[in-house]
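**Student:** Pasting a structure here, questions to come.
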Amino acid sequence: MTEAVALPMIRVRGLHKHYGELHVLRGIDLTVERGEVLAIIGPSGSGKSTLLRCLNFLEEYDGGEVWFGSDLVGYRKTNDGRLVRSSEAAVAAVRARMGMVFQSFNLFPHKTVLENVIEGPLIVGRQRPAEARAIGLDLLRKVGLAEKADIYPSRISGGQQQRAAIARALAMQPKAMLFDEPTSALDPELVGEVLEVMKSLAAEGMTMVMVTHEMSFAREVADRVLMIDHGLVVEQGPPNQIFRAPRQARTADFLRRVAATHRDLLNTEGERARDDTQPSSAHGSARAHDDRDEPDRYWPSGPRSGDGPHHERQENQDRLHPVAPRHDQGPEDR
């Protein structure tokens, strides 16, 4: 067994990130195993997206370490143990092995869907056009967009644009996929088609880290859920434990609030569709109030054979790891 196979896909040790005086990430530790699906949840402004962007160095962290396999992301160690900034070429080489899908689609409007998908393989991967086109068409079939290959992004729906963005990320043949709230900019009716593509990737064993507010999806697809608040890991564990019996009061409070918001949205849509002459049910109103303390009911788990829907692995997420010392390249040093 080689070192690359033996090591986890992603390791984060003592991660810190500042924006001026704002301390966004306050010593994050996490490990993502190969083939694992990790869902990161938490309130807005808690540092979820910043953490995700630090994994591939789109955001330069200023304390701790991020490892992708055997590669230290964004920095290199000198002989005396100091960490210095890696070259742009080295950063790009590591980043190319981590596909990322953003909240916005970021497709080139002047290029067709297929041209968007194969831009990376042609420019960065230096593939032959015929080879890149064949791979691109295969990926578009994979995400259900084969018939849209020669269409411009402005002529397809938001859900189709996001699926094209996923195909574009997959075209670089990444070892892991990072998703930053990929459905947040979509019409609610289009969310499902994007989640189905992500679900198929998880079923194929793709390592995935996703920041999401789609709680039912996180529960169904993720192997592990990580709750973050104020730049700290509040708790982590299998989906059934997090959603059914969270150990921390902050997690339980967050889930109750999300469940209440979800219920209010459903009630609003139902009221719009309901005949105005139909009387409302007092029992239904009382039931909704009682369910506020049982957020599990709002996110049905679906058929699950266990806490990990795609992989049977030992419970190894709670292993302790030494926290790496902060290196000497804070924001003031750059």
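The values are calculated or read from the model by the stated rules, or taken from the named source; none is laboratory data. All figures in this text were calculated on a predicted structure; none of them were measured in a lab. Virtual Cβ from ideal backbone geometry, glycine too; neighbours counted across all protein chains shown. SASA here: full protein model, heavy atoms, side chains in, ligands and nucleic acids out. Shrake-Rupley method; radii C 1.70, N 1.55, O 1.52, S 1.80 Å.
**Student:** Can you list the residues, at least 5 places off or on another chain, whose amide H is less than 5 Å from the amide H of D229, using H built in the peptide plane?
**Tutor:** Amide H neighbours of D229: V234.
**Student:** Still on this structure, please answer the following. Mind giving me the FRET efficiency for S157 and E21? R0 is 45 Å, r the Cβ-Cβ distance, nearest 0.05 is fine.
**Tutor:** Details: r = 42 Å, r/R0 = 0.93.
Taking R0 as 45 Å, the efficiency between S157 and E21 is 0.60.
**Student:** Here is a follow-up. Long-range amide H contacts for H18: which residues qualify at under 5 Å (H placed 1.01 Å from N, peptide plane, sequence gap of 5 or more or a different chain)?
**Tutor:** Answer set, sorted by chain and number: V24, D62.
**Student:** With a 1.4 Å probe and every protein chain left in place, work out the accessible area per residue of the stretch 156-205 in Å², rounded to a whole number.
**Tutor:** Working: 1770 Å² over 50 residues.
Ligands and nucleic acids excluded, the figure is 35 Å² per residue.
**Student:** With a cap of 13 neighbouring Cβ atoms within 10 Å, and only residues DSSP puts in a loop, list the GluC sites (Glu not before Pro) found in the stretch 6-37. Mind dumping the intermediate values first?
**Tutor:** Working: sites: E21, E33, E36; in loops: E21, E33, E36.
Sites meeting the loop and neighbour criteria: E21.
**Student:** What trypsin sites (Lys or Arg not before Pro) does the stretch 163-272 have in DSSP loop regions with at most 15 other beta carbons within 10 Å? It would help to have the intermediate numbers written out before the result.
**Tutor:** Numbers: sites: R163, R168, K175, K199, R219, R224, R244, R247, R250, R256, R257, R263, R272; in loops: K175, R247.
Sites meeting the loop and neighbour criteria: R247.
**Student:** Per residue, how much accessible area does the stretch 1-79 have with a 1.4 Å probe, in Å²? Could the numbers behind the result be given before it?
**Tutor:** Working: 2920 Å² over 79 residues.
Spelled out: the 1.4 Å probe surface of the stretch 1-79, per residue, equals 37 Å².
**Student:** Another one. Residues of the stretch 108-131 with amide nitrogen under 16 Å from the 7 Å Cα-to-Cβ point of R97?
**Tutor:** From the stretch 108-131, the list is 125.
**Student:** Moving to a separate point now. Tell me, what HN-Hα J-couplings in whole Hz come from the Karplus equation 6.51 cos²θ - 1.76 cosθ + 1.60 at θ = phi - 60° for each residue of the stretch 182-189, using x for Gly and Pro?
**Tutor:** Each residue of the stretch 182-189 in turn: x, 10, 5, 9, 9, 4, x, 6 Hz.
**Student:** Enumerate by residue number the GluC sites (Glu not before Pro) in the stretch 181-260 meeting two conditions: DSSP loop (anything except H, G, I, E, B), and at most 15 other Cβ atoms within 10 Å of the site's Cβ. Before the final figure, lay out each step's value.
**Tutor:** Working: sites: E189, E193, E196, E204, E214, E220, E235; in loops: E204, E214.
Counting only loop positions with at most 15 other Cβ atoms within 10 Å, the GluC sites (Glu not before Pro) in the stretch 181-260 are E204.
**Student:** With +1 on each Lys and Arg Cβ and -1 on each Asp and Glu Cβ, how big is the dipole of the stretch 1-149 about its Cα centre, in debye rounded to the nearest 20?
**Tutor:** Values: 20 positive and 17 negative charges, 41 e Å.
The calculation lands at about 200 debye.
**Student:** Going through the cross-link list K17/K148; K111/K175; K77/K142; K77/K111, which pairs have a Cα-Cα distance over 32 Å in this structure? Each step should come with its number before you reach the end.
**Tutor:** On the way: K17/K148 40 Å; K111/K175 26 Å; K77/K142 40 Å; K77/K111 41 Å.
Violating the 32 Å limit, Cα to Cα: K17/K148; K77/K142; K77/K111.
**Student:** How much accessible area per residue does the stretch 83-135 have, counting only protein heavy atoms and a probe of 1.4 Å, in square angstrom?
**Tutor:** In whole numbers, the stretch 83-135 has 54 Å² accessible per residue.
**Student:** Another one. Using a 1.4 Å probe on the protein chains only, how many percent of the accessible area of the stretch 24-86 belongs to carbon and sulfur?
**Tutor:** Numbers: 740 of 1960 Å².
Its accessible area is 38 percent carbon and sulfur atoms.
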